[in-house]
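Written out below as structure tokens is the structure these notes cover.
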Amino acid sequence: MATFPGATDAVPLRPLRIDQVDDLQKLQKAAQKITSILDLDQLIDKIVNDVAHSFGLLETAVYLPDEARGEMVLAGVHGCSIHSKGFRLKIGKQGMVGYVASTGQMRYAPDVRKDEYYVGCEPSTHSEVAIPLHVGEHLVGVFTASHPELDAFPRQQLRILQALCDHVAVAVHNARRFQSERAERETMSRDAQEARLMQQALLPKSSPFIPGFVISGLSVPVSAVGGDWYDFIPFSDGRWGLVLADVSGKGTAAALLMSATRGMLRSLAEACCTPGEVLTKLNSLLVEDFPAGRFVTLVYAVLDPVTRTLTFANAGHLHPLFIDHNGAQFLDTERGVPLGLACGDYSETTVTLSPGSRLVLYTDGITEAVDGDEQEYGLDRLVQHAVTAGASAVSIVDDVRAFANGFGVRDDATVVFVGVKR
């Protein structure tokens, strides 16, 4: 392969020899393979080194645009002892690179000493070409090649270099886009993880300790963050507020609405209103503040351990499952639209919690989970598990996961379980 002075005294001859043409054709084919390299630094290093060795060039470089600062930044270089990565040239003002970036046209200096735009690197450089890297009309960079001979780039060689730069442009464009998208994904992943930690911090740290009762809760989001939540709210008179809710939608937007709803509900609940009054006031606030089409389904209950009664209001949520000596039933309320849709009031239902009775609040991520045959977990399976000895919020979620077996837990899954000891 032809080289440059300093290694041997052999240099490329003009016109190109047959073997050189063959080498350049091989290089063109190899250039197509670089489009599979998605690491930008690795890609540019391969470009400048492979082209320099194949063409016997003194120096090769790739500059990328910094559009915000109106500059071209040296991203990779071979053979230059003066300029290193990060070296900058003003677009339209400095160097052949700046000229090419401004005009979008190739610039060839057969004698760099006579070119007004040339910015020197190696003293032995006598000819240089700068070629724009375009994808469509978009400039993605500039490629430069330098040679120690005067007028060292024949027309045929310039054409091959331009053809090569078409491949280089696509490869650089794809690698930069991949790099940007990867950075965005990493940022989103970090943001989602932080949001998940914040959301988990809003959930109860432990279950209430109430003599004679066994109470548990669990919420498992289908993604990093979700719109389900549950809450245990202690009151000064010994009663407890129990909340289970599902915000429409998924992801960060649902989590933000969940957080806002939780804060308002806690504030209203501490005023010691009844469940129906709390939801009526909460709904009037959310109707004013919620974006169109967003809503919350929610069950808010107040447990009185002294009287062993539980009174709840339901804002369009799935009917609570109640199990006692009379069997299993799903409890309804007379009035209760989802929160945030329209103004209205909320009726209440009260049940007596006899020894051995159980109450289960749940979201549709439980009942609508499916197995490999697209069969839903459903209400019957929920009842069958809830009546078993040792049932709890955790055991219900575990049973749903075992049923789905990796196929179809498609929504946030949340359970609150209230059991009365015998």
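Please treat every number below as a calculation from the coordinates, not as lab data. What you see is a predicted model, and the numbers here were worked out from it, not measured in a lab. Here the Cβ positions follow ideal geometry from the backbone for every residue, glycine too, while neighbour counts run over all protein chains shown.
Can you sort R69, R88 by how many other beta carbons sit within 10 Å, fewest first?
Least crowded to most crowded, the residues run R69, R88.
Search the structure for amide H atoms under 5 Å from the amide H of E149, placed 1.01 Å from N in the peptide plane, and list their residues when 5 or more places away or on another chain.
When sequence neighbours closer than 5 places are left aside, the close amide H contacts are H126, S127.
What is the spin-label model distance, in nm, from E288 to H138 if the labels are put 7 Å beyond Cα along the C-beta direction?
Label at E288, label at H138, 4.6 nm between them.
Just to verify a number: FRET efficiency for Q156 and H53, C-beta to C-beta distance, R0 = 22 Å, to 0.05?
Here the calculated transfer efficiency is 0.70.
Let me have the 222 nm mean residue ellipticity of the chain computed from DSSP H runs of 4+ only, each contributing -39500 (n - 2.57), with the sum over all residues rounded to the nearest 500.
-11500 deg cm²/dmol
With N denoting the number of residues in region 264-320, provide Rg(C-alpha) divided by 2.2 N^0.38 Å, to two decimal places.
In units of the globular-protein estimate, region 264-320 measures up at 1.22.
Which one, H126, P211, A260, is farthest towards the positive end of the dipole of the chain when Lys and Arg carry +1 and Asp and Glu -1 on their Cβ?
Checking the options against the dipole of the chain, the answer is H126.
List S347, S357, S81 from most exposed to least, where exposure is judged by having the fewest other Cβ atoms within 10 Å.
Ranking S347, S357, S81 by Cβ neighbours within 10 Å, fewest first, gives S81, S347, S357.
Report ³J(HN,Hα) in whole Hz for each residue of region 251-256, in order, from the Karplus equation J = 6.51 cos²θ - 1.76 cosθ + 1.60 where θ = phi - 60°; Gly and Pro get x.
So the J values, rounded to whole Hz, are x, 5, 4, 5, 5, 5.
Once amide H atoms are placed 1.01 Å from N in the peptide plane, what residues at a sequence separation of 5 or more from F295, or on another chain, have their amide H within under 5 Å of its amide H?
S248
Can you list the HN-Hα couplings for region 324-336, worked out from phi with the Karplus curve (6.51, -1.76, 1.60; θ = phi - 60°), rounded to whole Hz and with x for Gly and Pro?
These are the phi-based 3J(HN,Hα) values: 9, 5, 8, x, 9, 8, 9, 7, 10, 10, 6, 9, x Hz.
Would you mind computing, in nm to one decimal, how far apart the modelled labels at S236 and Q94 are, each placed 7 Å from Cα along Cα→Cβ?
Going from the S236 label point to the Q94 one covers 7.0 nm.
Scan region 91-176 for GluC sites (Glu not before Pro) in coil per DSSP, keeping those whose Cβ has at most 13 other Cβ atoms within 10 Å, and list them by number.
Within region 91-176, the qualifying GluC sites (Glu not before Pro) (loop, at most 13 other Cβ atoms within 10 Å) are E116, E137.
Can you match Cα extents along the principal axes in Å to one of these, [x] 102, 43, 32; [y] 74, 48, 44; [z] 64, 51, 41, based on a calculation from the structure here?
Checking each listed value against the structure points to [x].
Based on other C-beta atoms within 10 Å, arrange K90, K421, K281 from fewest to most.
The fewest-first ordering by Cβ neighbours comes to K421, K90, K281.
Beyond 21 Å, how much of the Cα-Cα pair distribution for region 203-420 remains, as a whole percent?
Roughly 52 percent, once rounded to a whole number.
From Cα coordinates alone, what are the radius of gyration and Dmax values for region 214-294 in angstrom?
Rg then Dmax for region 214-294, in Å: 13.4, 39.
In whole angstrom, how far apart do the alpha carbon centroids of region 298-341 and region 351-422 sit?
That distance is 16 Å.
Can you find, among T297, G356, L382, the residue farthest towards the positive end of the dipole of region 289-416? Put +1 on the C-beta of Lys and Arg, -1 on that of Asp and Glu.
Farthest towards the positive pole: G356.
Between region 49-103 and region 238-289, what's the alpha-carbon centroid distance in Å?
Computed from Cα coordinates, the inter-centre distance equals 59 Å.
Report the calculated FRET efficiency for V119 and D373 (r = Cβ-Cβ distance, R0 = 51 Å), to the nearest 0.05.
0.15
Given a Förster distance of 41 Å, report the FRET efficiency between D39 and K205 from their Cβ-Cβ distance, rounded to the nearest 0.05.
E between D39 and K205, to the nearest 0.05, is 0.40.
Could I have the simple spin-label model distance between T274 and R401, label points 7 Å from Cα toward Cβ, reported in nm to one decimal?
In this crude label model, T274 to R401 measures out at 4.1 nm.
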